[in-house]
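Inspection log for the structure reproduced underneath, given as structure tokens.
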Amino acid sequence: MQMTDQKEIAADPATVYAALLDPEVLKACVPGAQEVTGTPEEGFEAKVTQKVGPVKATFKGQVTLSDMMPGEQLKISGEGKGGAAGFAKGGATVTLAPSETGTLLSYDVEAKVGGKLAQLGSRIIDGFAKKMADQFFANLQSHLSPEDAQDDAAEASEAEADGADRKGWFSKVTGRG
């Protein structure tokens, strides 16, 4: 599987780079992460639980960083094993560039999966990988600018309340609840 994308992050490149090297930030941002330990120099160990299609597993893995250019670029290599569910391994090149709104983060990922995961098919795996990447970057953005995340949460709550009012009104008119 290969995946390439760009994300706009509302923080300067040095801040984004530092966040990508912080195990606590990674634990907060990686969907399903239960623990992330280690250092950028020695590598990280992680435990992540995810459900991919009908397969749910806890993956334990190692991640190493190389070609580190502070505030500009880094390469990530890693592999994880999920017991009977299978394994995943691969790498990514992450490039950071200043932009008008903060940082343009570009990534190029190449990964392989095996075991039950590989039997799910590339459409499911590719869709899951894209969803995970999008969720990671949304979490990273929220972590780096909590005030934006609070504004978004407030808007979501208002929209939900509006929806609840409409539902209540609809239920009263139709007698359905």
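The values are calculated or read from the model by the stated rules, or taken from the named source; none is laboratory data. What you see is a predicted model, and the numbers here were worked out from it, not measured in a lab. Here Cβ is always computed from backbone atoms with ideal geometry, including for glycine, and neighbour counts include all displayed protein chains.
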* To do: Test each condition in (1) in contact with a helix residue (DSSP H, G or I) (Cβ under 9 Å, 6 or more places away or on another chain); (2) modelled with pLDDT of 90 or more for A57 and report the one that comes out false.
  => (2)
* Asked: Which one of A10, A18, A28 is surrounded by fewer than 17 Cβ atoms within 10 Å (Cβ to Cβ), at pLDDT 95 or above and under 17 Å from L144 (Cβ atoms)?
  -> A18
* Asked: Here are some residues: A111, A129, A133. Which one is part of a strand (DSSP E or B), touching a residue at least 12 places away in the same chain (Cβ under 8 Å) and surrounded by 15 or more Cβ atoms within 10 Å (Cβ to Cβ)?
  -> A111
* Structure fact -> Among residues of the range 31-56 being among the acidic types (D, E) and exposed (fewer than 15 other Cβ atoms within 10 Å of the Cβ), the residue nearest to L144 (Cα to Cα) is E35
* Do we have V113 as under 20 Å from M3 (Cα atoms), modelled with pLDDT under 90 and among the β-branched types (V, I, T) here? -> yes
* In the range 55-106, what count of residues is obtained for those that are in a strand (DSSP E or B), closer than 17 Å to I9 by Cβ and touching a residue at least 40 places away in the same chain (Cβ under 8 Å)? -> 11
* What is the one condition in (1) assigned to a strand (DSSP E or B); (2) touching a residue at least 12 places away in the same chain (Cβ under 8 Å); (3) of a type in the set (G, A, S) that A28 does not satisfy? -> (1)
* Number of the exception - L140 against (1) farther than 23 Å from P23 by Cβ; (2) surrounded by 18 or more Cβ atoms within 10 Å (Cβ to Cβ); (3) out of contact with any Lys or Arg (no Cβ under 6 Å at 6 or more places or on another chain) -> (1)
